[in-house]
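Asks: Next up is a structure, given as structure tokens.
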Amino acid sequence: MVLPLSQLVQQLNHKKAEFLSYDTALAQVRQAYQQALKTWQQQTIPDITAAMDPQITDWGARPIEPWHQGWRIPLGVQWPHRQAAREWAMTQLMDVTTVAVDGSQIVPSEELLLPVGVVQAGWFLNPHRGDRPYAKEIVLELITPAELRQAEEQLRQPQIYRFQERYIHLRRFELELKTLRQRMAEVTAPAFLLFDGSFVATFAESYAPEWQARYVAALRQILEASSQQRIPVVAYIDSSQARDLVTLLGHLAHLEPSPYLSDAQLLNSVLTQWGDRSPLFICDRGGILKEYGDWARGIGFCYLKAHQGYPVRLELPLWIYEAGLLDQVIRWLCGELISGQGYPYALEAADQLAVLQGSDRQAFLKQLQVWAESVGMELRFSRKWVSKQQRR
């Protein structure tokens, strides 16, 4: 069945006024916040601190890195052609070990009348040395019915709907960070690691406390490991919807909160050249960060112009800035971006390694069926799945 485009066009025309009204309202909000940005990026950190209402506990963002010409810190390097950029990237990354991890999963489904899932993490390590090749591998964990039943007993959840799927996502998250810690323990400086996601688990705030604790524990462990081993780790968020700077400016300029305006949209008019970045801010979002202990205000973030789209968000433990390594880490990351043509090469390689496609799901189910027959176990599949296999 194909999408009926003629009906879609009719619906778009019929609801045109709603789209235009939304766009107009958002433009007005953006203009107000842009004016606030123009004003406050010309102030200093003491000016902003003095202007904050002391009764406000969660600023959204707390400035920590001084700026000189507004919230734009240029990379300070330009190239006449792409080959020159690639040569610069190679120079920056020479003898620097980069590591990236990404994950994927197969969740229980109605195809198989037995709750079972798979999570896997793919890691890619590049020492950027002529005498040492890159390395990559997949780490897989099978989630059994017994594990899912035990999880249901241990992890309280007000609504049991999609419990198994949610649990599989948690296990994938934990496996990615565990794999990242393992690789971190094996490398020596100079090195840096990349995580595809955020260090601030705001998405888990709607979960029960037991779930939140699992996510927070995994994140605190990677941040602590980075601090102890002095190996930088950076969370890379390509399409961030975070609103920490929007929140800060809203407080400073006494503007109405705007849930539809993101930091990346706001800074797009400031970070105009490739390699431009914002100053570093402390993430002061409150919420689940209050469960981070010593790390509640230990995560910094900035935005980087990495491609033609909106700036990307980078999150990192504050020790990197305090140790004077931030500019160097940014240059390493820019080297990765050039190698990956707009996306960090190491993360791209890890993603390609880890991703599970629909064909992998079918292969998993068939292999599970073969194994079950070999051990004398009967598996029951949905009639729909059996019918599909017979037709192929």
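Asks: Please list 3J(HN,Hα) in residue order for the range 200-206, calculated via the Karplus relation 6.51 cos²θ - 1.76 cosθ + 1.60 where θ = phi - 60°; whole Hz, with x for glycine and proline.
Replies: 10, 7, 4, 4, 8, 5, 7
Asks: Tell me the carbon and sulfur percent of the accessible area for the chain, rounded to whole percent, probe radius 1.4 Å.
Replies: Of all accessible area on the chain, carbon and sulfur atoms account for 51 percent.
Asks: Using a basic spin-label model with each label point 7 Å from the Cα along Cα→Cβ, how many nm lie between residue 52 and residue 136?
Replies: 4.3
Asks: Same structure, new question: Rounded, prolate or oblate: which fits the range 204-248, taking a ≥ b ≥ c as square roots of the Cα gyration tensor eigenvalues, rounded meaning a/c under 1.5, else prolate when a/b beats b/c?
Replies: Because a/c hits 1.5 or more and a/b fails to exceed b/c, the range 204-248 counts as oblate.
Asks: Taking the Cα atoms only, what angle lies between the long axis of helix 326-339 and the longest principal axis of the chain, rounded to 10 degrees?
Replies: Tilt relative to the chain: about 50 degrees.
Asks: For the range 8-48, what is the accessible area per residue in Å² when the probe is 1.4 Å?
Replies: Each residue of the range 8-48 exposes 75 Å² on average to a 1.4 Å probe.
Asks: Hey, another quick one. So for the chain, averaging the separation of alpha carbon pairs under 8 Å that are six or more residues apart and normalising by length, what relative contact order in percent results?
Replies: 23
Asks: Which of 281, 19, 199 ends up with the largest GNM mean-square fluctuation for the chain, with Cα atoms connected below 10 Å?
Replies: 19
Asks: Hey, another quick one. Springs between alpha-carbon pairs under 10 angstrom, Gaussian network model over the chain: which of 213, 306, 146 fluctuates most?
Replies: 146
Asks: Please work out whether the range 8-133 counts as rounded, prolate or oblate from its C-alpha gyration tensor, where a ≥ b ≥ c are the square roots of the eigenvalues and a/c under 1.5 means rounded, while otherwise a/b larger than b/c means prolate and anything else oblate?
Replies: It is oblate, given that a/c is not under 1.5 and a/b is not larger than b/c.
Asks: Lysine pairs in the chain 8 or more apart or on different chains: how many have alpha carbons under 20 angstrom apart?
Replies: Counting lysine pairs in the chain gives 4.
Asks: Using a Gaussian network model of the chain whose springs link C-alpha atoms within less than 10 Å, name the residue from 238, 47, 276 with the highest mean-square fluctuation.
Replies: Largest GNM mean-square fluctuation: 47.
Asks: Kindly report the accessible area of the range 200-308 per residue (heavy atoms of protein chains, probe 1.4 Å, no ligands, DNA or RNA), in Å².
Replies: For the range 200-308, the per-residue accessible area is 38 Å².
Asks: Would you mind computing Rg(Cα) / (2.2 N^0.38 Å) for the chain, counting N as its residues?
Replies: Dividing the Cα Rg of the chain by 2.2 N^0.38 Å gives 1.12.
Asks: How big is the charge dipole of the chain about its Cα centre, in debye rounded to the nearest 20, if each Lys and Arg gets +1 on its Cβ and each Asp and Glu gets -1 on its Cβ?
Replies: 940
Asks: Among 75, 28, 63, whose Cα projects farthest towards the positive end of the dipole of the range 1-120, with charges put on the beta-carbon of Lys, Arg (+1) and Asp, Glu (-1)?
Replies: 28
Asks: To the nearest 10 degrees, how steeply does helix 209-229 sit against the main Cα axis of the chain, on a 0 to 90 scale?
Replies: In the chain, helix 209-229 runs at an angle near 60 degrees to the longest axis.
Asks: For residue 14, what accessible surface area do you get with a 1.4 Å probe? Give it in Å², rounded to 10.
Replies: 140
Asks: Moving on to the next point. Quick one: helix 16-40 against the long Cα principal axis of the chain, what's the angle to the nearest 10°, folded into 0 to 90?
Replies: The answer is roughly 50 degrees.
Asks: Any chance you could check the Cα centroid distance between the range 278-350 and the range 235-273 for me, in angstrom?
Replies: 15
The values are calculated or read from the model by the stated rules, or taken from the named source; none is laboratory data. These numbers were taken from a predicted model, which means no experiment stands behind them. Reconstructed Cβ throughout: ideal geometry from the backbone, glycine too, with neighbour counts over all protein chains shown. For the accessible areas, the whole protein counts, side chains as well, though only heavy atoms, and no ligand, DNA or RNA atoms are used. Shrake-Rupley method; radii C 1.70, N 1.55, O 1.52, S 1.80 Å.
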